[in-house]
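Notes for the one structure printed next.
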Amino acid sequence: MKKIAVLTSGGDAPGMNAAIRAVVRKANYHGVEVMGIYRGYEGFIEGNMELLDLGSVGGIIQRGGTKLFSSRCPEFKEKKYQLQGIEKMKQAGVEGLVVIGGDGSYRGAHALTTLGFPCVGIPGTIDNDIPGTEYTIGFDTALNTVVESIDKIRDTATSHENSFIVEVMGRDAGDLALWAGLAAGAESILIPEEAYDIDDIIERIQRGEARGKKHSIIIVAEGVMSGSELAKLLKEKAGIHTRVSVLGHIQRGGSPSARDRVLAGRLGARAVEVLLQGGSGRAVGIKNHQVIDYDFGEAFNLKHKAEVSLYTLSKELSI
Ligand code: F6P
């Protein structure tokens, strides 16, 4: 291969820039040129791209977001657009593609692979919900953002003797909520993977109050329900008044943590190796501290599940 392309797609995640940099530098190291495609699959369809040289990815390793912009592109599910994009790539001499994104982005890459266009996926999402890899790029940074926010909320909750519900992103996955809840010592954590018991949440608050604790923090993953719905439930069932804080898109921004930068570097480099070795339809990931690559099929057949043992632990530590 002499020329490949890279794009970022779906919700952005801190560390995407570091991954773009790694792809470009690793490919250049092997004498391969890299085109940067703008706005994900939208740019792929239009052939909207430009050459990324060594200098063009300088000074981005510490920047959040994605230099290549991102989009969600529902029309890319249609074969005619996939073929149109492949044609644009062929015209520009692009022989393979690295896709940085989440589950939906992998599906687009898989479709291209079945049409004979080589693709490799790099997991980039704050949700940490991609089967086959233990961590996704952006999760660690988002987690730290959430924990910092909860720490701040706890300061004011303590001062005013309030209980707070904090609504955390993650789509259908509970990883962000669970890890953040554990790290910030939340009294209750609600995640989509585990059924919640409203009476148990109420009891925990009341037990705390009985021993003189006048505030508590409840984390709810957006995949369970909204913070305001939970507040309503607590009010109706037990007359408990809570304040609600929805962290929102702040969770997707910010300078990537060192851990996310290193992960991005390792996965970006492996993605290029896989493409150059003739691999296609594969995703890269991390398992037991080792970089791995595996078939996209595996990512679609397995179901991601937040670590149940952490959930059990969170209950034990917040008695
Ligand atoms: O997938 C990342 C994510 O931030 C999810 O956690 C969230 O549900 C979703 O994207 C929000 O997407 P949008 O910004 O398109 O509303």
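Structure notes:
- Of the peptides 93-101, 201-209, 7-15, 251-259, the order by per-residue mean of other Cβ atoms within 10 Å, starting with the highest, comes out as 7-15, 93-101, 251-259, 201-209.
- Inter-site label distance for Gln84 and His241 at 7 Å from Cα along Cβ, in nm: 5.6 nm
- Pairs of lysines in the stretch 211-310 whose Cα atoms sit within less than 21 Å of one another amount to 7, provided the residues are eight or more positions apart or on different chains.
- Acute angle (nearest 10 degrees) that the helix 227-238 long axis makes with the longest principal axis of the chain, alpha-carbon atoms: 20 degrees
- Pairwise FRET efficiency - Ser71 versus Glu229, Cβ, R0 = 30 Å, nearest 0.05: 0.50
- Listed peptides 29-35, 307-313, 174-180 by packing density, highest first (mean Cβ within 10 Å): 174-180, 29-35, 307-313
- Potential lengthening of the chain between Lys152 and Ala258 amounts to 35.9 nm, from the contour at 0.36 nm per residue minus the alpha-carbon distance.
- Averaging the sequence gap over all C-alpha pairs within less than 8 Å and six or more residues apart, then dividing by the number of residues, gives the chain a relative contact order of 23 percent.
- Candidate lysines for bridging to Lys79, where Cα separation is under 25 Å - those fewer than 8 sequence places away on the same chain excluded: Lys3, Lys88, Lys90
- Comparing Cα centroids, the stretch 281-319 and the stretch 138-161 end up 24 angstrom apart.
- Residue among Gly181, Gly59, Gly223 with the largest mean-square fluctuation in a Gaussian network model of the chain, springs linking Cα atoms under 10 Å: Gly59
- Helix 16-29 axis, angle to the chain major axis (alpha carbon atoms, nearest 10°): 30 degrees
- Compared with the dominant Cα axis of the chain, that is its longest principal axis, helix 198-210 is turned about 50°.
- Placed amide H near Arg243: partners under 5 Å, 5+ positions off or other chain: Ser163, Phe164, Ile165
- Around the amide H of Ile189, modelled in the peptide plane, lie the amide H atoms of Ile219, all under 5 Å away and 5 or more residues distant in sequence or on another chain.
- Reachable aspartates and glutamates, given that their alpha-carbon falls under 16 Å from the alpha-carbon of Lys2 and they are not under 8 places away in the same chain: Glu33, Glu50, Asp53, Glu95, Glu273
- Where labels lie 7 Å past Cα in the beta-carbon direction, separation of Leu54 and Glu316 in nm: 5.2 nm
- Distant-in-sequence amide H partners of Arg63 (H built 1.01 Å from N, under 5 Å): none
Values in this text are rule-based calculations from the coordinates and carry no lab data. It should be emphasised that the depicted structure is a prediction, and the values quoted were computed from it without experimental measurement. Note that each Cβ is placed from the backbone with ideal geometry, even for glycine, and that neighbours are counted across all protein chains shown.
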